[in-house]
């Protein structure tokens, strides 16, 4: 037969909201670090000039992965600032944070 569907408790909803907020802050920091790495590479590339399209794609992928690892390890410290700023504004538990 049909089983009753339980609604999440407020504590569970807060935990889910916190996880989404932390993941969104980490992802944002990773994007920022990736852009910094891309800007540092510039037009000439990391290893000089004359890189081909495949090398450029590989370097971009490597930069994105490096940025994600840096952000996951604490990065530039922006994650904490973002989360704290959103908590101060009361947005940490707001509906739609981290959702599309």
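Here are some notes:
- Only one entry in 48, 44 is at pLDDT below 75, at positive phi and not in a helix (DSSP H, G or I), namely 48.
- Among the residues listed as 31, 36, the single one being closer than 30 Å to residue 18 by Cα, assigned to a helix (DSSP H, G or I), at pLDDT 85 or above and under 11 Å from the mean Cα position of the chain (by Cα): 31
The values are calculated or read from the model by the stated rules, or taken from the named source; none is laboratory data. Predicted, not measured: the structure shown is a model, and the values here were computed from it.
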